[in-house]
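Right, one structure below, let's go through it.
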Amino acid sequence: MQQKMSLLDFARCLAILKASFPWKRLPPLPDMIITLPIALIAIIPLWRIFDRAGLSPIWSLVVFIPVIGLVLVLLILAFSRWPGIEDHIRVTDRGPR
């Protein structure tokens, strides 16, 4: 016969599980110390890429969103139209010779 777990027992089990993960006990400051310089290093080239592509360079600030920021920036660059590049191609393309 199976015993039902009380709500208090369930809460205790959750607390034990939560305490067993070492990264949950770390304060958020070390994460910020590691993440901030990496994001700042990524901002400068991304700012220039967005500017040269004809898109708003403000999009490069999306990198600061934790976990998914860089993925979002790459998706924006991959699937958006690049007006700056299209204008450059239109000006330099003279057709077949």
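Every number here is computed from the coordinates shown, using simple stated rules; none is lab data. It should be emphasised that the depicted structure is a prediction, and the values quoted were computed from it without experimental measurement. Cβ placement follows ideal geometry from the backbone for every residue including glycine, while neighbour counts extend to all protein chains displayed.
A few notes on this one:
- R0 of 41 Å, Cβ-Cβ distance Ile34-Phe10: FRET efficiency to nearest 0.05: 0.75
- Inter-label distance, Ile43 to Leu70: 1.7 nm, where each label sits 7 Å from its Cα along the C-beta direction.
- For region 26-92, the spread of Cα coordinates along the three principal axes comes to 54, 19, 13 Å, biggest extent given first.
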